[in-house]
Amino acid sequence: MKNIVILISGGGSNMEAIVRAAERDRWAERHGARIAAVVSNKAEAGGLAIAKAHGIDTAVVPHKDFATREAFDEALAKVVDSYAPALVVLAGFMRILTPGFVNRYAGRLVNIHPSLLPAFPGLHTHQRAIEAGCKVAGVTVHQVTTELDHGPILAQAVVPVLPDDTAATLAGRVLAQEHLLYPRAIAGWLSDTSRHNE
C-alpha cells in the first residue's frame, strides 16, 4: 500500500477534498494508496478534526518549539518518515521548507499554488493577477524543488478574471478549482508511478 502523508497549517479544505476523492474513487483498490496521516505545524489547525473524523492518523509538530527551520524540518521528517510515504502532499502548509527536507522527498513532494505558474510565485497571487490586467488566472499542482513555487508542473486549471473581480472573489473561484484539480493530479501521479513500477 502506498502511503500518502498530507501536511496542513489551517482549515484543510484541500486536504478534505483529497480525502473525499480517495474514499469516493477507491484509491486503495484502484491505486493501492491510502491517506496514512495528516500532520500540522499548528495544534489548532481545523483540518486535524476533519482528518480524525475520517479515521486518519494525525500528528502535530509545532514549529514554534524549534529554534531553527532545520531543527523543525528534521522533527517533521521523523514524523513523516514513520509512515514510509510514497507521496508527501502540501495542502495549505504555510512553512517554507529547507533544501534538506525538500531533497529528502525529491520526486514525491507536491504542492498546490493559486496561480498559473511560472506567473506569480509567492504570496498575494490574486491581487497581483488583477493588477497585472490578466484575463485568466488559475491554479497549479507541481512537484516541489528547492526553488520556491517552481518544479515540474503536474496539472493546471484556468479561471477567467472578471471585470469586477476582487482578490477575494477571484480566490473563491480559484479555490473551487483547487478542490477539483488537486485530487485529480494526485490520482494521476499514483497511476504514473504504478505504471513505472510494473
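The values are calculated or read from the model by the stated rules, or taken from the named source; none is laboratory data. Just so you know, these numbers come straight off a predicted model, no measurement behind them. Counting neighbours? That spans all protein chains shown, and the Cβs are built from the backbone with ideal geometry, glycine included.
Determine whether region 66-81 contains at least one residue that is within 18 Å of the chain's Cα centre (by Cα) and not in a helix (DSSP H, G or I).
Step one: list which residues in region 66-81 are within 18 Å of the chain's Cα centre (by Cα), which gives 73, 76-77, 79-81.
Next cut, not in a helix (DSSP H, G or I) only: none.
No, because not a single residue in region 66-81 is within 18 Å of the chain's Cα centre (by Cα) and not in a helix (DSSP H, G or I).
Here are some residues: ALA176, ALA155, ALA119. Which one is part of a helix (DSSP H, G or I), aliphatic (A, V, I, L, M) and free of Cβ contacts under 8 Å to residues at least 40 places away in the same chain? Before the answer, list the steps.
On the way: ALA155 fails: part of a helix (DSSP H, G or I); ALA119 fails: part of a helix (DSSP H, G or I).
So the residue among ALA176, ALA155, ALA119 that is part of a helix (DSSP H, G or I), aliphatic (A, V, I, L, M) and free of Cβ contacts under 8 Å to residues at least 40 places away in the same chain is ALA176.
So which residues in region 31-68 are of a type in the set (Gly, Ala, Ser), farther than 26 Å from ALA185 by Cα and in contact with a strand residue (DSSP E or B) (Cβ under 9 Å, 6 or more places away or on another chain), if there are any at all? Please lay out each step first, then the result.
If we filter region 31-68 for residues that are of a type in the set (Gly, Ala, Ser), which is where we start, we get 32-33, 36-37, 40, 43, 45-47, 49, 51, 53, 55, 59, 67.
Then drop every residue that is not farther than 26 Å from ALA185 by Cα, which leaves 43, 67.
ALA43, the sole residue that qualifies.
Conditions tested, residue by residue: (1) among the small types (Gly, Ala, Ser); (2) crowded, with 17+ Cβ neighbours inside 10 Å; (3) not in a loop (DSSP other than H, G, I, E, B).
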site	(1), (2), (3)
VAL19	no, yes, yes
ALA36	yes, yes, yes
ALA45	yes, yes, no
GLY55	yes, no, no
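Residues GLY133, GLY138: which one is modelled with pLDDT of 95 or more, in contact with a helix residue (DSSP H, G or I) (Cβ under 9 Å, 6 or more places away or on another chain) and not in a helix (DSSP H, G or I)?
Working: GLY133 fails: in contact with a helix residue (DSSP H, G or I) (Cβ under 9 Å, 6 or more places away or on another chain).
Just one listed residue meets the conditions, GLY138.
I need the full set of residues from region 21-32 which are under 12 Å from PRO183 (Cα atoms) and in contact (Cβ under 8 Å) with a residue 60 or more places away in the chain, in order please.
Result: ALA21, ALA22, ASP25, TRP27.
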